[in-house]
Amino acid sequence: RQPENCGKCHLGPDHPQKEVYEESKHGVAFRDLKDHMNLDAHKWVLGEDYTQAPTCATCHMSGHSRNGGKVTHDPSQRISWTNRPPISTVMDTDAEGNVVKETDPEKRRALITSTWQEKRTNMQQVCLHCHTDNYVNAFYKQYDDFVVNYNEKFAKPGMSVMNALRDNQLITKQDFDEEIEWTWFYLWHHEGRRARHGASMMAPDYAHWHGMYEVAERFYMELIPQAREIVHQAVEAGKTSEAEAVTKVMDDVLSRPEHEWFESQRALVAEAPRHTRAVEAPVDAAAETETPDEQEAPAATKEDDETKVEN
């Protein structure tokens, strides 16, 4: 029942659920009201024995008044997204509780015994003890949009670049023997997970600054430049067709509207010298000013010449 129990495993840079919980309003409410939550009671049912705040167990495992107080020891029964892999997927599971990865629609339907929609309904029944329907639906709309944005903008493009490099043998099949593989791992396994977990439990700092901000930085400032350097080295090594294949994948990614700002600014910087007018060398005023002794005498006039003749 105590969040600290879950924190033995669920914390740290790659899955900071405990830190995320502590930042969220749920965690704040728990710290403030924990003395009123009957944590040591034998029977502990949300909506009957306490309503002050949720702990990890409340949302993911404990019984509540809407399900007859039924406890589960399988947290996945109330989770609709799995945010552990590089690309988040919905939690459609088979008879053994494994996430179904089959993409063929008919085969997929045959394998699924518990849908992500059913799992979401299970969780929403917990949420509705304290929140209105509109609030709960709005949260899930925001959460879904966040995860889809992460998937489509960074995770799928990043994986496509890594697959292109590996398929064209510009990096080896051995994991972690090249810098870009460490970069990709940090992007999805650390920053990407922090972002998704922050969004899942309403912790804005983890969702943004410890999450999507760092995902974007890792993608634009490390993953793409490192991939381009590998392509450059491939060209120098005579692997032209392989380099072109990877370049096409990167160009397709970066030409999309959500990445256009990045490439357009790089293009402006590259073209700047062509649009800059030549600047004349500055005039040294001191050097241009002659002293009286250095100044030439004015040219003689016709009248001066005539005076000299008469004299």
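With contributions of -39500 (n - 2.57) from each DSSP H run of at least four residues, the per-residue ellipticity at 222 nm computed over the chain stands at -14500 deg cm²/dmol.
When only Cα pairs below 8 angstrom with a gap of at least 6 residues are kept, the range 145-273 shows a relative contact order of 26 percent. Over 32 Å apart at the Cα level, from the set Lys153/Lys239; Lys107/Lys239; Lys70/Lys153; Lys25/Lys101; Lys119/Lys248, are Lys107/Lys239; Lys70/Lys153; Lys25/Lys101; Lys119/Lys248.
Ranked by the mean number of other Cβ atoms within 10 Å per residue, highest first, peptides 121-130, 56-65 order as 56-65, 121-130.
Scanning the chain for GluC sites (Glu not before Pro) that sit in a DSSP loop and have at most 14 other Cβ atoms within 10 Å, the longest stretch containing none of them is 103-279.
Take the Cα of Thr240, go 7 Å toward its beta carbon, and the backbone nitrogen atoms of the range 149-193 under 19 Å from that spot belong to 168-170. A value for Rg and Dmax of the Cα atoms in Å was derived from the coordinates, and within the list (i) 33.4, 136; (ii) 19.3, 58; (iii) 19.4, 67 it appears as (i). Charge dipole (Cα centre; +1 on Lys/Arg Cβ, -1 on Asp/Glu Cβ; no other charges) of the range 145-273 amounts to roughly 320 debye. Between the alpha-carbon centres of the range 1-41 and the range 118-143 there is a gap of 20 Å. Extending 7 Å from Cα along the Cβ direction at Arg266 and again at Glu229 yields two label points whose distance is 1.4 nm.
A short reminder: the numbers here are calculations on the coordinates, not readings from a lab. The shown structure was predicted, so the numbers you read here are calculated from the model rather than taken from an experiment. Cβ: placed from backbone, ideal geometry, glycine included. Neighbour counts: every protein chain shown.
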